[in-house]
Structures are given as structure tokens and as C-alpha cells.
């Protein structure tokens, strides 16, 4: 199951810090197409275990002469990742990145140009995710919804607006994530606004709404938001899909709010200066083969995107209401906004936490 620490790769504070690192390190935007696709060592900067259990071995067996070497992403969020790339030019061919981080890496000229035609299996990923993640191959999402303790809540909120409106019913028994982008997103959605709004007035309304609900919360929890639900100390939690799935308990249930489930798109992107772009593209195409993609999802328990892979995905994942795409609640990708808005949102979050 996905580690919560990886979620922090897209945090507002981390992204703002990364801007300074990228500016200091500079770097080019090489096309990443050097090297033969038949003989190469593809260097993949990845989160430990975030790959199909036998995928690399299977790829190497099917592609004699190509080796895939994994290196762990540095701890410390977006700034640490940017520094890792900038200080090791030419070392890495591919890197795991959420859409917010990928955009910032691209703006810092730390990513190579991506040619979708080089990965034919990319066509199996729905167009909406390809459009929202143009830097490489989108592989999965992570999103927040409403989870509740079924013994304590018989009529759960069906929308973000209803959650805020009915907060008094669950006073002292609501858990929010301690993550700025998600909390601001659900407040904007509750007000009927775009979760990526840059409008100062709309952001001020969202801040007011969050401040109004804060005294009614049990906590802003940085991880394990499911534990208070399971113990009964919380009735409702704004929960990550992978946390809900990992809990594996009949005590709690999931609601995908009608306004949509906010979150990130994760994927793999080519790195500027990579020496084995053709071989890297071959590996990405292998990763998106439906059989291999199903293996990746079965290993990680991530929210899946590819319909063609569903026949190979474990039933406990395939049927999990939080992990599978919803027909009634659209997935809404949180984006990196302009620096001025990011700074304003960061200041807003600091005021909320300090109040």
C-alpha cells in the first residue's frame, strides 16, 4: 500500500522550496533520446516497492541487453527530489512524480521532452488523465473522499457542502488530513468553486469556511486518519483512498462526494540529460501493457486507470469503492498554480493552523 510520505512530494511548502533549488541548479531540457534501445541500463528513480513485484525481471527477460536499475527517491519532498536530479545530471533516465511535482520539475528544466508516440500502450490510459499529465505516463491516482464509522453514522454526508453544513452533528468527531492542498480543495468545492481557483475572493471564502469548521474537528491528522474511525473516537474522516483500502475493515464505509474527489495523478517521467531515452520508453510501454499494469496495481494497491487491465487486477482492489473510478463523482486533479497563488495559499494554510 502506498506510503503517506510519498503524498508530500506535491505539498505547497515543498514545491515553493523546490523553486529556489531549481533556480540555483539550472539545467537543460535534453530530449532524453540518446542511447540504443537494445543495449542500455535504464536508471529509474523510484519510491521503494512502487513497481510490479516481478516487472523489472520480466522486462529484462523479454528485452535482452536492457537492464533497469532502481534508485530510491530522496527523503525530504519536492525540494530534495529536485536537488537529487539537478546534482546528478545524466544519471537518471526516469523518475516517479505526481502531477504537481512534475510540472515544477518541467518548469525547472529538469525533465526531458516526452513523445507520447514512443509509448504505444499509453493509448490504453483514458484521455483525461493523459491530458492532465503530459510529461510522461500517468499510472495511478490518489484522492480524498469521505469515510465514516457505520455504527456512529447512519446517514453520511453525500457531498463536501453537506459535510461542512452538518459539521455540528459530528462535532469533535471529524478528522481532516493535515495537508493544505486537499483541505483547501474540499472547501472550494463545498462553496461551488473550482478546486484550483486563483481568485482571491474565493480563497478568502474557503479560508473562512475552514476556520469555521476547525473547532468542530477532532484533529488535522498527518497520517493514519483511519485509526480514529476504527476506534470510534471519530465518526467521519476525510480519507485517502489508499488509506481506506488499506484499513480493510467492515466498520467503515466510503462516500465519493458528488462535487468530485480531489487528488493527484502519479506517473513516470523522463529526466533531462538521460542517456537511454529509447530504452526508457520501451520500459514505459512494458509498464503499461495491461498484464504488467495489473501486476503493478496488485503490488501497490493503487487507484487504477486502465480498463483493459481489470481482468488481471485482484478482486479486493477491483471492487474497492475507493480505488475504482466512480461513475457519479469525477476525479479532480489538484494542480500547481502560479507562484503568487501558491504563496497566498501557503500563507492561508499557516493562518488556519495557527488560529
Using only Cα atoms, find the angle between the long axis of helix 290-300 and the longest principal axis of the chain, and express it within 0 to 90 degrees, rounded to the nearest 10.
50 degrees
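Sorting check: for 105-115, 254-264, 147-157, which peptide has the highest mean count of neighbouring beta carbons within 10 Å, and how do the rest follow? Mind showing how you got there, number by number?
Working: 105-115: 21.1, 254-264: 23.5, 147-157: 17.4.
In decreasing order of mean packing, 105-115, 254-264, 147-157 become 254-264, 105-115, 147-157.
Would you mind classifying region 89-146 by shape? Square roots of the alpha carbon gyration tensor eigenvalues, ordered a ≥ b ≥ c; an a/c under 1.5 is rounded, otherwise it is prolate if a/b is larger than b/c and oblate if not.
Details: a/c = 2.10, a/b = 1.24, b/c = 1.69.
Judged from the Cα gyration tensor, region 89-146 comes out oblate (a/c at least 1.5, b/c at or above a/b).
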How many angstrom separate the Cα center of region 313-355 from the Cα center of region 188-211?
14 Å
Subtract the Cα-Cα distance of residue 151 and residue 324 from 0.36 nm times their separation in residues, and report this length gain in nm to one decimal.
59.8 nm
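Add -39500 (n - 2.57) for each DSSP H run of 4 or more in the chain, then divide by its residues: what number comes out at 222 nm, to the nearest 500 deg cm²/dmol?
After summing the helix terms and dividing by residue count, I get -11000 deg cm²/dmol.
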According to the square roots a ≥ b ≥ c of the eigenvalues of the Cα gyration tensor, what is the shape class of region 245-355, taking rounded for a/c under 1.5, prolate for a/b larger than b/c otherwise, and oblate for the remainder?
oblate
Hey, what angle do you get for helix 180-190 against the long axis of the chain, alpha-carbon based, 0 to 90 degrees rounded to 10?
60 degrees
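Can you compute the FRET efficiency between residue 316 and residue 216 using 1/(1 + (r/R0)^6), with r the Cβ-Cβ distance and R0 = 25 Å? Round to the nearest 0.05. Don't jump to the answer; show the numbers that get you there.
Numbers: r = 34 Å, r/R0 = 1.36.
Efficiency computed from Cβ-Cβ geometry: 0.15.
Going by the alpha-carbon gyration tensor, a ≥ b ≥ c the square roots of its eigenvalues, is region 250-299 rounded (a/c under 1.5) or, if a/c is not under 1.5, prolate (a/b greater than b/c) versus oblate? Walk me through the numbers on the way to the answer.
Working: a/c = 3.81, a/b = 2.02, b/c = 1.88.
Prolate.
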For the chain, what are the per-bin percents of Cα-Cα distances with bins 20 Å wide, up to the bin holding the maximum?
30, 56, 13, 0
Distance from region 112-137 to region 224-302 (C-alpha centre basis), Å
18 Å
Nearest 10 degrees, 0 to 90: what angle lies between the long axis of helix 339-354 and the longest principal axis of the chain (Cα atoms)?
40 degrees
In what order do 160, 349 fall by count of nearby beta-carbon atoms within 10 Å, going from fewest to most?
349, 160
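Every read-out reported here was derived from the displayed coordinates using simple, explicitly stated rules and does not represent laboratory data. No experiment lies behind these values; they were computed from the predicted model shown. Glycine gets a Cβ as well: all are built from the backbone with ideal geometry, and neighbour counts include every protein chain shown.
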